[in-house]
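Below you'll find the structure, written out as structure tokens, and then a few comments.
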Amino acid sequence: MAAAEIVVVAVVTLLLGLTSCMAESSVWREEDRRVRGEVTYEQRALVLDGARRMLFAGEMHYPRSTPEMWPKLIAKAKEGGLDVIQTYVFWNVHEPIQGQYNFEGRYDLVRFIKEIQAQGLYVSLRIGPFIESEWKYGGFPFWLHDVPNITFRSDNEPFKQHMQRFVTDIVNMMKHEGLYYPQGGPIITSQIENEYQMVEPAFGSSGQRYVSWAAAMAVDLQTGVPWTMCKQNDAPDPVINTCNGLICGETFVGPNSANKPALWTENWTSRYLIYGNDTKLRSPQDITFAVALFIARKNGSYVSYYMYHGGTNFGRFASSYVTTSYYDGAPLDEYGLIWQPTWGHLRELHAAVKQSSEPLLFGTYSNLSIGQEQEAHIFETETQCVAFLVNFDQHHISEVVFRNISLELAPKSISILLDCKQVVFETAKVNAQHGSRTAEEVQSFSDISTWKAFKEPIPQDVSKSAYSGNRLFEHLSTTKDATDYLWYIVGYEYTPSDDGQLVLINVESRAHILHAFVNNAYVGRIHGSHGGPANIIFSTNISLQEGPNTISLLSAMVGSPDSGAHMERRVFGIRKVSIQQGQEPENLLNNELWGYQVGLFGERNNIYTQDSKITEWTTIDNLTYSPLTWYKTTFSTPVGNDAVTLNLTGMGKGEVWVNGESIGRYWVSFKAPSGNPSQSLYHIPREFLNPQDNTLVLFEEMGGNPQLITVNTMSVSRVCGNVNELSAPSLQYKDKEPAVDLWCPEGKHISAIEFASYGGPTGDCKKFGFGRCHAGSSESVVKQACLGKSGCSVPVTPIKFGGDPCPGIQKSLLVVANYR
């Protein structure tokens, strides 16, 4: 949502002596408010109340979900074995207008932190205030761009003044609410800046001075907790340098001081999705291998998953070309559903590591080679020992001997040995249940009579434009990033040639999309891509009438940039326009009198709200399926509690509002290499819905068929377990032997067993079948154990199935179940 769109229920001017604009979200026990010592650190770990801690964290961003979702998300994170919730602080949602603050609704930072505290978890507060995060303008409010003589993220007084003011305001707010750990609060670390090392060379010595200033400024705020800088190898003492990335066990250079611990602030659980790309998920085996290697090789004692819950880029907050859905493949998906088996496999890892916290944090470390591509990392005290056995061979099982114990290590795997004897976790063996999401259609919009349309007017009169000038304006400087759209309008006097030569229009733009109109007629469009050239070039033959003509060009952004040096100097929008008749020299229009209209007529008139004064809605017909059209209809709220989505497969590109709330941009016509849209389902939080009837409004930019839209509910209705008899028993379920452990979400139970085979089942949880070895009792045993229950555990042992169906052969149990 842009600054102009935000309805600030309560606007507060924050001063250095900040007073809170927040109400208490819960009643706190007195012992929760007790004064504690400062959070410190040693070489091996962060130290809380004098105790070293092994901590697992997960990133969640409060603006990417709703306050009503926060309690369940945090509870599922805690159940998944997390100790800490990490979040950025989003400057541009809190101060969209200079000096006016917004901490309402999804932006209620204090409420979010207090909910984390209420559930017994800690907080890592990443204040930045540059955050990147695939968030528009990297989290900076756009008004910062217009501060005279400013240079972002450098030793520049105007920038430092505003950065220090905002960081100080946030810190003072946290102090006022008693949220730092020494005050009895949950915040145990804070972050200043974000991955600055990536751009620092562009600033020369100014960058080095800025890093020193930022660190000193943060430390001087005296929060009582350590400050960190991620991807900043030269972070000044006492600030801790931390790692971000996929394989920090291999890439992290290590702490830059002997007394600093090894912290991993961003372990990427997948990759964020951009329009035009297919989803790239990261396997739970790969994630857990990376975590275990970081702990083993780097003496890591803090790992945070980015993201643990990604959520939704509501409104226009996604950065350039980034989809509305954010990290849907995280352990908690976009809707807050548990993404299995990732969530469960990580939970088992956390339990395995936590039970060996003492040797990991206090033990003597040693390592040795146990093969050509195999190594052992040992942490040992006088009474406890834990070993991490690593197999780097990606293709072969490795047989190794460790302390007179013969073991098989799966390809690219790490086995964790409790007491350096018993295998309690293997990264390559996923025993956690698998889950399959189902999108069930609950309402169709195929009835054309339920739709209304409004055609976005095409501005054609330069004299009626909001701005004008004899040059091409830069896009973001003109729109202030308050809208994706900027109209460029120019008149052109045409004298036809005697031989009827074709007329060609050429437009070069550094925006993301261009739509061209001549005399109100649509003549075409072009768009760029995330990895494509910065310039998009539109060239087509046009028909002109003799005498005056109007050329109207709609420049569109699909999000503003979120990274890179000198963001304040970046240039977007149309850079060159010319007309060419036949072989004659091109007629450059750059210095003609141009008119500018910021945003769409529908936007300026709040067409997506109940208060809109636009009444010229018409009934829909097939001719309406054209570019730049608004559509409106109503739908009923789906019954139940399942997540709600819109399936927009039949549309092109635009934005969607439900009851006046923007659920984000969509661009389903931009197909990925697979031929599918990058994203076709768009989340509607139930908090956006009315008890019964809801208003749906779309702006369709390219042309699409709204009759193909459906309302769906999203749930997990199918689970599967596939466990080998040689697997380590589950620590979380306290199994004494390998078992298939299935469980259902709250309020649901196992309703059917789709498949069960003990012996040698073929395939996996997606495609399965009976092998040559199969116990005939498999189905009846599993049904007896599981049907009608919210969860069940079936041991993978011969005695459970009435005997060994095939002696001498390694056996597994594969179960596929449905629940409702």
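The values are calculated or read from the model by the stated rules, or taken from the named source; none is laboratory data. Just so it is clear, the model here is predicted, and its values are computed rather than measured. Cβ placement follows ideal geometry from the backbone for every residue including glycine, while neighbour counts extend to all protein chains displayed. Accessible surface is based on the protein model in full, side chains and every heavy atom, while ligands, DNA and RNA are left aside. Shrake-Rupley method; radii C 1.70, N 1.55, O 1.52, S 1.80 Å.
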**Message:** Residue under question is Asp220, and the condition is that it be open to solvent by 50 Å² or more (accessible area, probe 1.4 Å), in contact with a helix residue (DSSP H, G or I) (Cβ under 9 Å, 6 or more places away or on another chain) and farther than 30 Å from Leu389 by Cα; does it hold?
**Reply:** no
**Asked** Hey, Leu588 hits all of (1) crowded, with 21+ Cβ neighbours inside 10 Å; (2) hydrophobic (A, V, I, L, M, F, W, C); (3) without any contact (Cβ under 8 Å) to a residue 40 or more places away in the chain but one; which does it fall short on?
**Response** (1)
**Message:** If Tyr101 meets every condition in (1) of a type in the set (Phe, Trp, Tyr); (2) touching a Pro at 6+ places or on another chain (Cβ under 6 Å); (3) open to solvent by less than 30 Å² (accessible area, probe 1.4 Å) apart from one, which number is that one?
**Reply:** (2)
**Request:** Return a yes/no flag: does region 546-562 have any residue that is farther than 25 Å from Asp146 by Cβ and part of a loop (DSSP other than H, G, I, E, B).
**Result:** yes
**Message:** Checking the conditions here, which among Gly207, Gly185 is part of a loop (DSSP other than H, G, I, E, B) and assigned by the TED database to the domain that holds Ala351?
**Reply:** Gly185
**Asked** How many residues are of a type in the set (D, E, K, R) and either farther than 30 Å from Glu746 by Cα or under 19 Å from the mean Cα position of the chain (by Cα) (or both) when one looks only at region 79-103?
**Response** 1
**Message:** It is to be established whether one or more residues within region 729-738 are within 30 Å of Ala439 (Cα to Cα) and buried (at least 20 other Cβ atoms within 10 Å of the Cβ).
**Reply:** no
**Complete:** Counted residues in region 104-131 being farther than 15 Å from Met174 by Cα and open to solvent by 20 Å² or more (accessible area, probe 1.4 Å) come to 6
**Message:** Contact list please: Cβ distance under 7 Å, first residue in region 104-126 and in the same structural domain as Gly139 (by the TED database) and without any contact (Cβ under 8 Å) to a residue 24 or more places away in the chain, second residue of a type outside the set (A, V, I, L, M) and open to solvent by 10 Å² or more (accessible area, probe 1.4 Å), pairs at least six apart or on different chains.
**Reply:** none
**Fill in**
Note on region 435-454: residues open to solvent by less than 60 Å² (accessible area, probe 1.4 Å) and part of a strand (DSSP E or B) are Gly435, Ser436, Thr438, Ala439, Gln443, Ser444, Ala453, Phe454
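Name the residue that is most open to solvent (accessible area, probe 1.4 Å), counting only residues in region 61-98 that are among the small types (Gly, Ala, Ser) and on the phi < 0 side of the Ramachandran plot. Can you show your working first?
Filtering region 61-98 down to residues among the small types (Gly, Ala, Ser) leaves 65, 75, 77, 80-81.
When the remaining residues are screened for being on the phi < 0 side of the Ramachandran plot, the result is 65, 75, 77, 80.
Values: Ser65: 3, Ala75: 41, Ala77: 0, Gly80: 0 Å².
The qualifying residue most open to solvent (accessible area, probe 1.4 Å) is Ala75.
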**Fill in**
Taking region 750-773 and keeping only residues that are farther than 24 Å from Arg820 by Cα and open to solvent by 70 Å² or more (accessible area, probe 1.4 Å), one is left with Phe770, Arg772
**Asked** Which residue out of Leu486, Leu476 is assigned to a strand (DSSP E or B), open to solvent by less than 60 Å² (accessible area, probe 1.4 Å), closer than 30 Å to Asp562 by Cβ and in contact with a Ser or Thr (Cβ under 9 Å, 6 or more places away or on another chain)?
**Response** Leu486
**Complete:** Counting only residues that are open to solvent by 10 Å² or more (accessible area, probe 1.4 Å), outside any loop (DSSP other than H, G, I, E, B), touching a Ser or Thr at 6+ places or on another chain (Cβ under 6 Å) and of a type outside the set (Val, Ile, Thr), region 690-711 contains a total of 2
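Scanning for something outside any helix (DSSP H, G or I) and of a type in the set (A, V, I, L, M), does region 116-123 turn up at least one residue?
At the first step, the residues of region 116-123 found to be outside any helix (DSSP H, G or I) are 119-123.
Keeping just the survivors that are of a type in the set (A, V, I, L, M) gives 121, 123.
Yes - at least one qualifying residue is present in region 116-123.
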**Message:** If I filter region 183-204 for residues that are more than 30 Å from Met54 (Cβ to Cβ), of a type outside the set (Asp, Glu), touching a strand residue (DSSP E or B) at 6+ places or on another chain (Cβ under 8 Å) and open to solvent by 10 Å² or more (accessible area, probe 1.4 Å), do I get at least one hit?
**Reply:** no
**Asked** If the Cβ limit is 6 Å and pairs must be 6+ apart or interchain, which residue in region 368-391 that is not assigned by the TED database to the domain that holds Asp419 pairs with which residue that is of a type in the set (D, E, K, R) and surrounded by fewer than 18 Cβ atoms within 10 Å (Cβ to Cβ)?
**Response** none
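Of the residues His396, His345, which single one is crowded, with 21+ Cβ neighbours inside 10 Å, within 26 Å of Cys765 (Cβ to Cβ) and under 35 Å from the mean Cα position of the chain (by Cα)? First the steps, then the outcome.
Working: His396 fails: crowded, with 21+ Cβ neighbours inside 10 Å.
Residue meeting the stated conditions: His345.
Does region 302-326 hold any residues that are open to solvent by 10 Å² or more (accessible area, probe 1.4 Å) and touching a helix residue (DSSP H, G or I) at 6+ places or on another chain (Cβ under 9 Å), and which are they? Reasoning before the result, please.
Within region 302-326, the first condition is being open to solvent by 10 Å² or more (accessible area, probe 1.4 Å), and the residues that meet it are 320-321, 325.
Within region 302-326, Ser320 is the sole residue that qualifies.
Can you tell which of Gly747, Gly802, Gly776 is open to solvent by 70 Å² or more (accessible area, probe 1.4 Å), over 36 Å from the mean Cα position of the chain (by Cα), at positive phi and not assigned by the TED database to the domain that holds Tyr682?
None of the other options fit; the residue is Gly802.
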**Message:** Taking the conditions exactly as written (more than 30 Å from Ser717 (Cα to Cα), open to solvent by less than 10 Å² (accessible area, probe 1.4 Å) and of a type in the set (Phe, Trp, Tyr)), does Tyr608 satisfy them or not?
**Reply:** no
**Request:** State whether the residues of region 228-245 include one that is open to solvent by less than 40 Å² (accessible area, probe 1.4 Å), over 29 Å from Ile113 (Cα atoms) and not hydrophobic (A, V, I, L, M, F, W, C).
**Result:** no
**Request:** Residue by residue through region 399-417, note down the ones that are without any contact (Cβ under 8 Å) to a residue 24 or more places away in the chain, more than 25 Å from Ala351 (Cβ to Cβ) and open to solvent by less than 100 Å² (accessible area, probe 1.4 Å).
**Result:** Ser406
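In the list Trp264, Trp213, which residue meets the criterion of being touching a Cys at 6+ places or on another chain (Cβ under 6 Å) and either free of Cβ contacts under 8 Å to residues at least 60 places away in the same chain or open to solvent by 10 Å² or more (accessible area, probe 1.4 Å) (or both)?
Criteria check complete, one pass: Trp264.
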**Item:** Some residue of region 156-166 being within 27 Å of Gly315 (Cβ to Cβ), surrounded by fewer than 22 Cβ atoms within 10 Å (Cβ to Cβ) and of a type in the set (Asp, Glu)
**Value:** no
**Request:** Determine whether Glu474 is acidic (Asp, Glu) and under 21 Å from Ile537 (Cα atoms).
**Result:** yes
**Message:** Return the residues of region 659-688 that are open to solvent by 30 Å² or more (accessible area, probe 1.4 Å) and of a type in the set (A, V, I, L, M); say none if nothing qualifies.
**Reply:** Leu681
